[in-house]
Each structure stands twice: as structure tokens, then as C-alpha cells.
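For reference, the structure discussed in these notes is given below.
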Amino acid sequence: MGKITVTECTRNGVIIEGLKIIEPAVFGDARGYFMETYNQKDYKEAGIAMDFVQDNQSCSKKGVLRGLHFQIQFPQDKLVRVVSGEVFDVAVDLRPGSKTYGKWFGVILSAENKKQFFIPKNFAHGFLVLSDLAEFAYKCTDFYHPNDEGGLAWNDPEIGVEWPIPDGMDLIISEKDQKWGGLSNLSKA
């Protein structure tokens, strides 16, 4: 049916290889709309030829900040999108030897814009909920391994993510996510 539009992600004029924003074709009329959220053939043609093995979905309220998470021994490629609401989604390059190691990219994902974000293996990932409620869905190329999660501090100054936190927003961060160290601690590990 429809094709997708794929855009490379750049930060300060530098492409962060592998990160991609995907915009699906949306067919709307007076009744509503239709779109393919995933078509293996279209994604393969766009250079995203992954074998997704697990779909996940979460629901979070305004001010929830999840991340920055990554998998240690079982890294996953992820294809993320928002089913309802709006989030600011972030990926941080943790690939050893990458020219953009430690660099981040962020994008607004919403039910309205229908954008998807492809995040390759060895990137940390997190998001901030901007709407009253957000349902977040993602595909993964490996199964969940509960003892394999690593993380980085969401506010690590070395990474410098520019979270769009509106005045008066109370952040809701899990106890676990408040304890992650910074990028410099990770590189020493």
C-alpha cells in the first residue's frame, strides 16, 4: 500500500549514523485515516532490515521521564512510536569507536504526527511525556532480559540532552532511573 519517508538524524550538522525518523504514508478522509505502521518490504527497501521479535507498549502520565536505558549483553534495535499523546524521545550513541559517541538526538513523537524513530543497537534510549497521558509502542530485535539493563543519568551534563521541560512541570522519575551514573562512569567500566 503506502511507502515510508525516512530521514537521517543530525545533531549540530553531524549525521548520527543509523538513527532514522520514519514518516508513514497516511490515507485520510471524512471517516478518519489508515496507515501501515510496519511493512517489512518497505522498511527493508529503506535500509531497515531487522527481524523484530517482540512488541512492547507502555502508558505514562505527563512529566514521566523514562531512561536513559540500554541493554548490555543483548542489545536491541528498536522501532518506537506514540499511539496516543506526545513524548520527546531521545537516543544517545554508545557504540564503541563511533565518531558520534556520547551524542544525542531528540524528536517529538505523537499520535498526531505519527512519526516513528528507529534506534539501532548500542544506543541509550529514553523519553519524556509531554501530554496528559501517552501510550508508547515499540518493536525490538531481541527479547527482554531482566538482568541486562544498563542506564545513564537523564541529566548527565556531559551528554547534555536538552529536555523540553515546560515551566511548572513536575518530573516523575523512577528510583532506579535516579541512580544511573554519567557517560564518564560508563566509559571507565
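Laboratory data are not the source of any read-out in this text; all were calculated from the coordinates shown. Keep in mind it's a predicted model, so treat the numbers as computed, not measured. Methodologically, a virtual Cβ is constructed for each residue, glycine included, from the backbone with ideal geometry; neighbour enumeration extends over all protein chains shown.
If the segment from residue 38 to residue 69 were pulled out straight at 0.36 nm per residue, it would be longer than the present Cα-Cα gap by 8.8 nm. Put simply, when 94-106, 52-64 are sorted by average Cβ atoms within 10 angstrom per residue, most first, you get 94-106, 52-64. Enclosing the Cα atoms of the stretch 77-183 in their convex hull gives a volume equal to 120 cubic angstrom per residue. In this label model, residue 59 and residue 175 are separated by 2.5 nm, measuring between points 7 Å along each Cα→Cβ vector. Annotation for the stretch 160-189 versus the stretch 46-109: alpha-carbon center distance of 15 Å. Scattering from the stretch 1-115 was approximated by placing one identical point on each alpha carbon and applying the Debye formula without solvent; log10 I(q)/I(0) at 0.23, 0.24 1/Å stands at -1.64, -1.67.
Using only side-chain charges placed at the Cβ, +1 for Lys and Arg and -1 for Asp and Glu, the dipole size of the stretch 56-125 relative to its Cα centre rounds to 40 debye.
How much net charge surrounds residue 14 when only other residues with a Cβ under 9 Å from its Cβ are counted (Lys, Arg +1; Asp, Glu -1)?
+3
Magnitude of the charge dipole for the chain, about its Cα centre and with charges confined to Cβ atoms of Lys, Arg (+1) and Asp, Glu (-1), is about 320 debye. Shown here for the stretch 1-56: GluC sites (Glu not before Pro) in loop regions (DSSP other than H, G, I, E, B) with at most 16 other Cβ atoms within 10 Å, namely 36. The equivalent ellipsoid of the stretch 112-160 has semi-axes of 21, 18, 12 Å, largest first, where each one is the square root of 5 times an eigenvalue of the Cα gyration tensor.
Its alpha carbons considered, the stretch 48-129 gives a radius of gyration followed by a Dmax of 12.9, 37 Å. Each Lys or Arg adds one and each Asp or Glu subtracts one; over the other residues with Cβ under 12 Å from the Cβ of residue 75, this totals -1.
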